[in-house]
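Trainee: Structure incoming, see below.
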Amino acid sequence: MTLKFYQNLGRLFYAIAAADRHVRKEEFDKLKTLVKRQWLDVDSIEDKYHTDGAYQIEIVFDWLDKEENLNANECYKAFVNYKNEQPHLFTDSLKKLILKTANAIAYSFSGINKSELIMLAKLDMELKK
């Protein structure tokens, strides 16, 4: 794993939350909960401040959200490009955790809407390649 891996997950999860052009507090809160409960145990990589690398997911998500006017599809494409460049990092168990996290984020505010559903379906197909 690398910090770039987690940063790209932050882009992906932001894209899922922003698919409907609105990132809700509940979506970010759900992401923070899942990072703490599931992503911190994935590996032991740390950033230069000796913080678990998985927190890069939250940091990038939050940064993208504050930037505003960012295109969710562009963030999604950036993740797919990274995945295609680094396929060895995407084990079956990580793919399942990525889908589980993405679905939980989408579901966290009033269930999954059409734009989120479309992006989740694209992600599911992409991770099966």
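The values are calculated or read from the model by the stated rules, or taken from the named source; none is laboratory data. Since this is a predicted model, take the numbers as computed values, not measurements. Don't worry about glycine lacking a Cβ; one is built from the backbone with ideal geometry, like all the others, and counts go over all protein chains shown. Quick note on the areas: whole protein, heavy atoms, side chains included, nothing else; ligands and nucleic acids left out. Shrake-Rupley method; radii C 1.70, N 1.55, O 1.52, S 1.80 Å.
Trainee: Taking amide hydrogens as modeled 1.01 Å from N in the peptide plane, which residues meet the under 5 Å criterion relative to GLU46, leaving out close sequence neighbours?
Mentor: Close amide H contacts, sequence-distant or interchain: GLY53.
Trainee: Quick check: with the 1.4 Å probe, what order do PHE109, PHE13 take by accessible area, largest first? Write out the running numbers ahead of the final one.
Mentor: Details: PHE109 70, PHE13 0 Å².
Greatest to least solvent exposure: PHE109, PHE13.
Trainee: Sticking with this one: Note down the accessible area of TYR55, probe 1.4 Å, to the nearest 10 Å².
Mentor: Surface accessible to solvent at TYR55 totals approximately 70 Å².
Trainee: What do you get for trypsin sites (Lys or Arg not before Pro) in region 1-79 restricted to DSSP loop and a cutoff of at most 16 other Cβ within 10 Å of the site's Cβ?
Mentor: Values: sites: LYS4, ARG11, ARG21, ARG24, LYS25, LYS30, LYS32, LYS36, ARG37, LYS48, LYS66, LYS77; in loops: ARG21, ARG24, LYS48.
Those satisfying the criteria are ARG21, ARG24, LYS48.
Trainee: When only the heavy atoms of the protein chains count and the probe is 1.4 Å, how do TYR6, TYR49 rank by accessible area, highest first? Let's see the in-between values first.
Mentor: On the way: TYR6 0, TYR49 160 Å².
Sorted by accessible area, descending: TYR49, TYR6.
Trainee: State the volume of the convex hull built on the alpha-carbon positions of the chain, expressed per residue in Å³ and rounded to an integer. Walk me through the numbers on the way to the answer.
Mentor: Values: hull volume 12.4 nm³, N = 129.
It is 96 Å³ per residue.
Trainee: Projected onto the charge dipole of region 25-129 (+1 at Lys/Arg Cβ, -1 at Asp/Glu Cβ, origin at the Cα centre), which of SER115, ASN81, VAL35 gives the Cα projection farthest towards the positive end?
Mentor: Positive-end residue among those listed: SER115.
Trainee: Exactly which GluC sites (Glu not before Pro) in region 1-99 are in a DSSP loop and have at most 14 other Cβ atoms within 10 Å?
Mentor: Working: sites: GLU26, GLU27, GLU46, GLU58, GLU67, GLU68, GLU74, GLU85; in loops: GLU68.
Loop-located and lightly packed - GLU68.
Trainee: Now, a different point. Would you mind checking the pairs LYS48/LYS95; LYS36/LYS77; LYS36/LYS66; LYS83/LYS128; LYS36/LYS83 and listing those with alpha carbons more than 20 angstrom apart? It would help to have the intermediate numbers written out before the result.
Mentor: Numbers: LYS48/LYS95 27 Å; LYS36/LYS77 26 Å; LYS36/LYS66 22 Å; LYS83/LYS128 12 Å; LYS36/LYS83 23 Å.
Going by Cα-Cα distance, LYS48/LYS95; LYS36/LYS77; LYS36/LYS66; LYS36/LYS83 fall outside the 20 Å limit.
Trainee: Quick check for me: using +1 on Lys/Arg Cβ and -1 on Asp/Glu Cβ, what's the dipole size of the chain about its Cα centre, in debye to the nearest 20?
Mentor: Numbers: 20 positive and 20 negative charges, 76 e Å.
So the dipole magnitude of the chain works out to roughly 360 debye.
Trainee: Provide the per residue accessible area, probe 1.4 Å, for the chain, rounded to a whole number of square angstrom.
Mentor: 57
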